Amino acid sequence: MTSRQTTRTDSDPGVRRGGSGLDVLFCADYLPPSDGGVEHVVDGLARRLSARGYAVGVFTLAADDESIDLCNHPDVSVFAARKIELTDYIGLQSAISPAAVRRFKRVLGETNPSIVHVHNRFFFTSYLALAYKHYSGYSLVTTLHLGELDHLDGLGGGAAKLFQRTLARQLVTRSDAIVCVSDAVGSVARELGSPPDRTRVLRNAVDLEAFDVAPSAFDKTLLYVGRQVRNNGPQDLIAAAPAVADRHPDASIHLVGGGPLEDELTARAVTLGVDDVVHVHGFVDDVTEYYLDADVFCRPSYSEGLPLTLLESMATYTVPVVTPVAGSREILANGSTGRFVPVGDPDAIAETIADLFDRPETVEHVSRRARAYVEENHSWEQRTDDMIGIYEELGMKPSAAATARSRRKSQTSATRSDGGNQ
C-alpha cells in the first residue's frame, strides 16, 4: 500500500506510540480525502481528541494507491487493511476486507484500547469491533449516522434492509453506548433494540472557523456536495435542471463529489441539453470555495442521518434545499432557514430552486438565519465535550491535558462568581 508513510498497513503492524495503549480506537471503512460525511466526522473527532491530550488511533480500509489525510497528523495512529470496494455493484457506499480480520486482531493486541468507537451500522469495520469485543474487553461505542431506509430501493436498498434486520440489531444491542446524530436516528436505534439508558443523541458539528466568511454576491449558483450515489439524489437534481435553466438561463449548477454515478450524471446532462448549465466536478480536495460561491445548496436525499453538508451549507450563508428525511427535519425550519422538497420529485426541486433564484432578498435573509442557527447549535467544541463525557462514563480516564483544561474552566467560573459577589 502506498497511502502515506505514516499509515500502518497489513505488512507493517507497528504502532507509532510504541507500547503505550490507546484511549480511543475509531473504526471507519473510509476516511478523508474520501468525501462522505461519516468520514469527516471521524476525522474531526480524532483530531480534536488528540489535541486535548488523548491517545487516539483509527482503523480503516484502503486501496493500495489510496491516501489518508490523517496520516499527516503527528499524534494520531492510523492502521489500514486492503479493501475490496463494492459501491459500484450495489449503488451504496460499501467495502469489505478479508485481510482486516487478522489485521484488526493484531492492532488490538498492540494498542489495548479502552474504547473502540465504530461509525455506521453498515461498515465492515463495525462488525470486526463487535466480533472481537468479547475477547478484548474494551467498551464498544457505536454512532449511527443513517435514519430510516423506507425510500431506498434496488439491490442496495434490499441489501441494506436485510442487513438492518439481522447484523445491525446485534451491533446495537451489544454496544455499551449508542450515539445517534439525530432524534430520527434515535428512533431507528430504539427499533433495533437499543436500551434508552445507553442511547444518546449528539448532533453533527461544523467547523465554524473554516467557514468564517461573508456572504458571496448573488449570481444564481446552485451547489450539490456529496457522494454521487442514488441515495443522495443527484439524479433528481439533474432531472430538475432543464426546468431551472428554462426560467433562469444564466444559472449554473455544480455537483461536487465522487461516486459511481459521476459518468452517468455527466452523460444525462448532455442528453437533457443542459451541459452548459450543469457542471459535474467529481471529487475535489477542498469544497470550501464551491460553498463560498453558491447561493443555494440542494441535496435531495432518500435517506440520511444528519448530513454534514447541510450544516456546512448553512455555515457558508448558502440556502439549503433538502428533503425532509431524518435529522434534516429537526434542524431546518422550512421557509426560515431553508426549504424542503418531497423525496424523488424533480419538478418540486426545480420549482423551489427557480423560485429562490427569483428572490435574491429572500435568499439573503434565509442564509443569514441559517448561519446564525449553526453558530448557536452545532459547534465542534460542544460535541467533543459531550463525546468525552460518554467515554468517561464507560471508564476512560481523563487525559492530563483534559484535566488541566477542566481545572482552568473551574477556576475561571469561580473567579467570575467571586467577582459577581463583590
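Since every read-out is calculated from the coordinates, none of them should be taken as a lab result. The structure displayed is predicted, hence computed values, not measured ones. Backbone-built Cβ (ideal geometry, glycine too); neighbour counts: all protein chains shown.
A few points about this structure:
- Taking every lysine pair in the chain that is 8 or more places apart or spans two chains, those with Cα atoms closer than 29 Å amount to 9.
- Projecting the Cα atoms of ILE84, LEU332, ILE238 onto the charge dipole of the chain, computed from C-beta unit charges around the Cα centre, puts ILE84 farthest toward the positive end.
- Over all distinct Cα-Cα pairs of the stretch 221-377, the Kirkwood formula returns a hydrodynamic radius of 15.1 Å.
- Check: the stretch 16-134 dipole with +1 on Lys, Arg Cβ and -1 on Asp, Glu Cβ, in debye: 620 debye
- Helix-derived mean residue ellipticity, 222 nm - over the chain, DSSP H n ≥ 4, -39500 (n - 2.57), to 500: -13000 deg cm²/dmol
- Protection proxy ranking, highest mean first, for peptides 269-280, 24-35: 24-35, 269-280, where packing is the per-residue count of other beta-carbon atoms within 10 Å, averaged.
- Computed 3J(HN,Hα) for the stretch 176-189, one whole-Hz value per residue from the Karplus formula 6.51 cos²θ - 1.76 cosθ + 1.60 where θ = phi - 60°, is 7, 8, 10, 10, 10, 7, 7, 4, 5, 5, x, 5, 4, 4, glycine and proline marked x.
- Burial order of peptide ranges 364-373, 56-65, 282-291 (average beta-carbon count within 10 Å, highest first): 56-65, 364-373, 282-291
- FRET efficiency for ALA267 and ASP246, using Cβ-Cβ distance with R0 set to 22 Å, rounded to 0.05: 0.60
- On Cα atoms only, tilt of 346-357 relative to the major axis of the chain in degrees: 80 degrees
- Packing-based ranking, highest mean first, of 260-268, 201-209 given that Cβ atoms within 10 Å are counted: 201-209, 260-268
- Ascending count of other beta-carbon atoms within 10 Å, so fewest first, for THR384, THR142: THR384, THR142
- Cβ-derived FRET efficiency at R0 25 Å, GLU393 paired with ARG169, nearest 0.05: 0.60
- The amide H of VAL78, built 1.01 Å from its N in the peptide plane, has ARG8, VAL58 as neighbours under 5 Å, considering only residues 5 or more places off or on other chains.
- Cβ-placed point charges (K, R +1; D, E -1), dipole of the chain about Cα centre in debye, nearest 20: 2340 debye
- The share of alpha-carbon pairs in the chain lying farther apart than 27 Å comes to 52%.
- Cα→Cβ-extended label distance, 7 Å offset, between LEU208 and GLU351, nm: 3.7 nm
- Of HIS248, HIS40, HIS117, the sequence from fewest to most neighbouring Cβ atoms within 10 angstrom is HIS248, HIS40, HIS117.
- Charge tally in the Cβ shell below 12 Å around GLN228, where Lys, Arg are +1 and Asp, Glu are -1, GLN228 excluded: -1
- Taking ARG190, ARG198 and counting other C-beta atoms within 10 Å, the order from fewest to most: ARG190, ARG198
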